[in-house]
Structure formats: C-alpha cells, structure tokens
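For reference, the structure is listed below as structure tokens.
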C-alpha cells in the first residue's frame, strides 16, 4: 500500500515480476482491494501514511500492510519484503519484527550506484542513521562487502571511506577515527578515503559514509544525473539541425539512460536485519517495483542474510 | 606558481584576462621566470607545494608567491588575489595576511553551481571548515546571501539548509539547531531544508552546509556532471547510426557543456576575509584562470568586501 502510485503501481509491478521473472509475490493490504488482483495476498486492514512518524506508526498500526509484510518474513512465509512506502516506517517494521542480526550495532541502507561500463558502486549508509560512530562505519564496510560480493560477484570489493581528500588526515573526527579503525581490519580490502567524484566511477566498489553524508551524496548524484540527462536532450531538441537526429541519438542513448535510471535497481537494501528488506522510492513505477522484487528474489536465492550473519559473526 | 599546470597556464590565463577583459594583473613568483612574460610582477622567491601542510607552509615561506599575493591585497596594491595552488595554503595566506572581517567567526568557501536556464546556486561552505557550529552556518547564510545579491543581482536570495529531508526534524543535531536559528533571522529569506537534488535546480539560490558535507556534495555533483556528459557523448559515438549526427549534436550541446564546465566559473570565493580571494582548481587551464580573474575583477568593482563587512556588522 506504500508509495505515491500505490496500490496500482505496486500491483502491476508484482504481476510483471511474477510473469516475467517467476517471482512469487504475496501482496499485503486490504482484502477487498487485493482479492480482485488474482494474486496471493495477506489481509492487512491498516495503512501507514508517507508522512507518519515511523516508530509510532509501526507500534500503533499492528495490522498495517508494512507490519504484516515484515511478519511474513519473520515467520518464514516470505523470503523478503519490498516496500515503496514510508522509508522510516519500512525500516522500523523490519527492525522491530525481524530483529537485528547478532552482533549488528545498526542496520544501514545500502544503495547501488550505476557505473556504465563497470560494476555498480554500493553506497552505505544512504540514510538510515543520520549520526554514526566510527565502529558502525566499520560494520557498514563489512556488510557492504558481503553485499557487493554476493550481488556482483566481486571477490575482494574495494572499500573506500567517503571524505574530502585522499589523505588520512582529511575529514571530520568521525572520518579520521573510522579511517584508523578500517586500516586495521584484516578481512577488508580498504583502499582509504574516496571523494564524491569517485562514487560514479570504477575506482571503488563499496563506499562507506554516515547516513547523513551518504544521503546528501546520493541525492546530489541522482539530481545531477537526471538534470544533465534532461538538459542534454533539451539542448538537442532545441537545435534546428541537431533535432533531426534525435531519433537515432535517443536510440543510442536508450541503454545508457535505462542503466542510469534509479528505477533500474528498483530499491535499496536494509542490511543488518534478520531478513531481507528492499526499500523502493516513493515515486516507484511498476517497472521499479518489478526490478525491486527481482532483486529481492536474487538476494534470497543467494542466501544474503545467512552470508551476512556469518560475516558479521566472523568479524566480531 | 600554484596548480598542476603552473606557471604556464596561470601566465597564459592572466594574459587573456588582460587582453580580453581589461583585467590588470600582477603576477607573483620568481623574478627570473616572470620578467620574460612582459606582465607586471612582484618577486617572490619561494613556492608552496600542493601537498604541503598549509599553516606551516605559510608561516615558514614568507617570501612565497601565495603570501606575497595576499600581502599585495592587504596593502591595497591589488584588489584581489587568485590562486590555483594548495587550497588550504591559499586560505591560510588570505586569513593570516588579510585577516577576518569584524564579526566573522570563520571564513567559508563559496562555490557557484551552474543551473542552465536559471541563475547559479551558491553553495557554502564547500570545504574550508570540516566541522562547524550552528551559528557559523547562520553566518555562512548571511555571507552567501550578500554574494548572491551582488554577483547575480538576486534581491532576496532564497537560502536553503542542506539536509536529508524537507522537514525541520530531519538531519543531524547540527542541522536541526541551524534550522531553528535560521528560522529566526529577520534579514534572511530562509526557505528551510533542501536536499542534494535541489543543488542543480532553480529551487534555491544559496545552499548552506558544513564544509565536509558541502565538499562531498560538490565533488559528487562535479563527478556526476562530467561522468554523464562523457557517457552520453561516448554512447552516441559508439552507435553507427547516431555517430553521423555527432557534429550537429556537439554543436547543439556546446553552450550547455561550456556552462556546466566547472572552469567556466574559474574559482570559488573565500568569504569572510578582509579582502578578495578566489581559489581555483589545481587542474585549472588558462581558460579557468581567465574566468577566475574576471570574476575577481567583477567582485572588486562591486565592492564585495565592503558590502560583506556592512552586512556582517548589521547582523551581529
């Protein structure tokens, strides 16, 4: 029931994920609405609004579609939950119903940044924790590495710490302390500080930041990619001579535009909880939901949570 | 003597600024090198390296090109200094030689983000202070507003606070405290929190952040703009059909590419010191230096420092 275009976009995305990719979906929400879809559903009478205070909403609305989805995962009746609703509430539902993996201090949101011509960069925390300690950042690095290895097959993902210069002495006290800690973790392939410009490049596989910095950087990147794409196409369309070539130019750009579209990934992962939780943009289209469900399916098949549990246990 | 292509790029940029825009330039650096240029110069025997520790370098190298440039401004023999050298050292030279404006807690680096189709967004602090207090952010807002008004003619610049959501409750304790303070400043047109995606948009005129967040966001934007531009042109070039239209497409894109190029602005301003200081990228080309000198010239003509002094005095 979450997202700006719910429930239609969610239902349509679920249908496509099943038909095209064989992802078996259980919808959660009002029975009278969902029984018309012909898809399996689990009845939930309440809905958490996009602007509700997350913790309170989850505690009060025990029969909401979000809480029921998290409970299905906890009860092993679903392999993953996917939501395009209130991000904070989706996190709270996952955290409160599934619980944290043993040893995890704080779950983090991991988002994947497309890098055409190379494997995506995993950025975390992209917004779960506005304030972080240095030891949390080390754990984010460990969780991000497991995700990068499982989802992209990178054997020893290069981990970078997001800062404002390559030198270890650059940045805030938090970043300097995290740099010192990360330098001493044996199982990580820590390559030092990286900068904002490295995020959309092949220079780093996992970029670690506190949730405030990570979210600002993510939205700056998304904004810039969209802005430049629109400006380019606008400039070509506005030029009498170049305009004629727009069909062939758009044909050439199509694969790139699709890859750069945040909806191609479908959603971000909440890492560190004892179950799979994919969080999609509120503005998700059916295509985004389809991709999010597909990603959840792949991560379930790869036993991401089991691997994460083992990695966190080994590190602590 | 600063920058990756010094002194040639700097000398050439100075020459162009003079010839094309009537900017009278005084070079600082080794006499034997500069007398060949035919341009006015002030002899300085030392050079601060790009990797030197800024404070120490400025204290020790009293006859460096950077220190001499700052001294020329202090002595009213130059209206502004421009450097493509070690950013920290340029800041330190300006701060130690020119001093702060009365009432300024900390100078900040203000950078201008191009927004094709609209006036640029001023982002500050873009890296001078990795850690900030909320009251400094308020002063950054005041200084950024003066800069936006004088440089872009915006009568009441809209000031946004860079955060991770529009709501006042979103962000770090620093951001929440700054939000409360900014809401109570009469002379500011504070519009609340803005997000990374708003920076390259017409939604805000002055975006305020601590220097760590501002620098991460700036580099993320610069990286994304460059990356998407290159990817687009690469995709068109690689397509047999679209390739034929590349000349007309590039012709259509040229004005946009020029506007998005960070070198079009030439440099960032150090606001809050008692004199004009423009800091250019280390990688600056002659064109970037030309534009930085032109900007410095415009700001001197507009008496930016005098206006800034009055605005800070009125606010404190």
Q. Would you call residue B:220 within 17 Å of the chain's Cα centre (by Cα), assigned by TED's automatic domain parsing to the domain that holds residue B:112 and assigned to a helix (DSSP H, G or I)?
A. yes
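Got a sec? Which of B:203, B:187, B:215 is surrounded by 17 or more Cβ atoms within 10 Å (Cβ to Cβ) and more than 8 Å from chain A (Cβ to nearest Cβ)?
On the way: B:187 fails: surrounded by 17 or more Cβ atoms within 10 Å (Cβ to Cβ); B:215 fails: more than 8 Å from chain A (Cβ to nearest Cβ).
Of B:203, B:187, B:215, the one residue that is surrounded by 17 or more Cβ atoms within 10 Å (Cβ to Cβ) and more than 8 Å from chain A (Cβ to nearest Cβ) is B:203.
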Q) What is the residue count in segment B:256-278 for residues that are touching a helix residue (DSSP H, G or I) at 6+ places or on another chain (Cβ under 8 Å) and either in a loop (DSSP other than H, G, I, E, B) or modelled with pLDDT of 95 or more (or both)? A) 13
Q. All but one of (1) under 14 Å from residue A:207 (Cβ atoms); (2) within 14 Å of chain B (Cβ to nearest Cβ); (3) modelled with pLDDT of 95 or more hold for residue A:157; which doesn't?
A. (2)
Q: Report yes if some residue within segment B:162-177 is more than 8 Å from every other protein chain (Cβ to nearest Cβ), out of contact with any strand residue (DSSP E or B) (no Cβ under 6 Å at 6 or more places or on another chain), in a helix (DSSP H, G or I) and buried (at least 17 other Cβ atoms within 10 Å of the Cβ); otherwise report no.
A: yes
Q: Could you list all residues from segment B:201-217 that are touching a strand residue (DSSP E or B) at 6+ places or on another chain (Cβ under 7 Å) and either on the phi > 0 side of the Ramachandran plot or assigned to a loop (DSSP other than H, G, I, E, B) (or both)?
A: B:203, B:204, B:205, B:209
(Q) Criterion first (in the same structural domain as residue A:197 (by TED's automatic domain parsing), surrounded by 16 or more Cβ atoms within 10 Å (Cβ to Cβ) and not in a loop (DSSP other than H, G, I, E, B)) does residue A:234 satisfy it? (A) no
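Quick check on residue B:150: is it assigned to a helix (DSSP H, G or I) and modelled with pLDDT of 95 or more? It would help to see each step written out before you state the result.
Working: assigned to a helix (DSSP H, G or I): yes; modelled with pLDDT of 95 or more: no.
Against the criterion (assigned to a helix (DSSP H, G or I) and modelled with pLDDT of 95 or more), residue B:150 does not qualify.
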Q | Hits in segment A:195-217 - residues which are over 18 Å from the mean Cα position of the chain (by Cα) and within 20 Å of residue B:199 (Cβ to Cβ) | A | A:195, A:196, A:197, A:198, A:201
Q. Using beta carbons and a limit of 7 Å, which pairs, at least six apart or on different chains, have the first residue in segment B:285-298 and within 8 Å of residue B:263 (Cα to Cα) and outside the structural domain of residue B:82 (by TED's automatic domain parsing) and the second one modelled with pLDDT under 95 and assigned to a helix (DSSP H, G or I)?
A. none
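What strands (runs of 3 or more DSSP E) completely inside segment B:17-122 contain at least 1 residues that are within 14 Å of chain A (Cβ to nearest Cβ) and surrounded by 20 or more Cβ atoms within 10 Å (Cβ to Cβ)? Please lay out each step first, then the result.
Details: elements: B:27-29, B:41-43, B:80-83, B:108-113.
Of the strands (runs of 3 or more DSSP E) lying wholly inside segment B:17-122, those with at least 1 residues that are within 14 Å of chain A (Cβ to nearest Cβ) and surrounded by 20 or more Cβ atoms within 10 Å (Cβ to Cβ) span B:108-113.
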Q | Search result, residues across segment A:219-260 that are facing chain B (nearest Cβ under 7 Å) and more than 18 Å from residue B:233 (Cβ to Cβ) | A | A:219, A:220, A:221, A:222, A:223
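In this structure, is residue B:239 closer than 22 Å to residue A:230 by Cα, surrounded by fewer than 20 Cβ atoms within 10 Å (Cβ to Cβ) and in contact with a helix residue (DSSP H, G or I) (Cβ under 6 Å, 6 or more places away or on another chain)? Walk me through how you get there before you give the answer.
Numbers: closer than 22 Å to residue A:230 by Cα: yes; surrounded by fewer than 20 Cβ atoms within 10 Å (Cβ to Cβ): yes; in contact with a helix residue (DSSP H, G or I) (Cβ under 6 Å, 6 or more places away or on another chain): yes.
When the stated conditions are applied, residue B:239 passes them.
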Q) When you go through (1) surrounded by fewer than 19 Cβ atoms within 10 Å (Cβ to Cβ); (2) in contact (Cβ under 8 Å) with a residue 24 or more places away in the chain one by one for residue A:125, which number turns out not to apply? A) (1)
Q: For residue A:244, indicate whether it is in contact (Cβ under 8 Å) with a residue 12 or more places away in the chain and either in contact with a helix residue (DSSP H, G or I) (Cβ under 7 Å, 6 or more places away or on another chain) or surrounded by fewer than 23 Cβ atoms within 10 Å (Cβ to Cβ) (or both).
A: no
Q: Could you please give the count of residues in segment B:190-200 that are within 12 Å of chain A (Cβ to nearest Cβ) and touching a strand residue (DSSP E or B) at 6+ places or on another chain (Cβ under 7 Å)?
A: 5
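The values are calculated or read from the model by the stated rules, or taken from the named source; none is laboratory data. Values in this document were obtained by computation on a predicted structure and should not be read as measured data. Backbone-built Cβ (ideal geometry, glycine too); neighbour counts: all protein chains shown.
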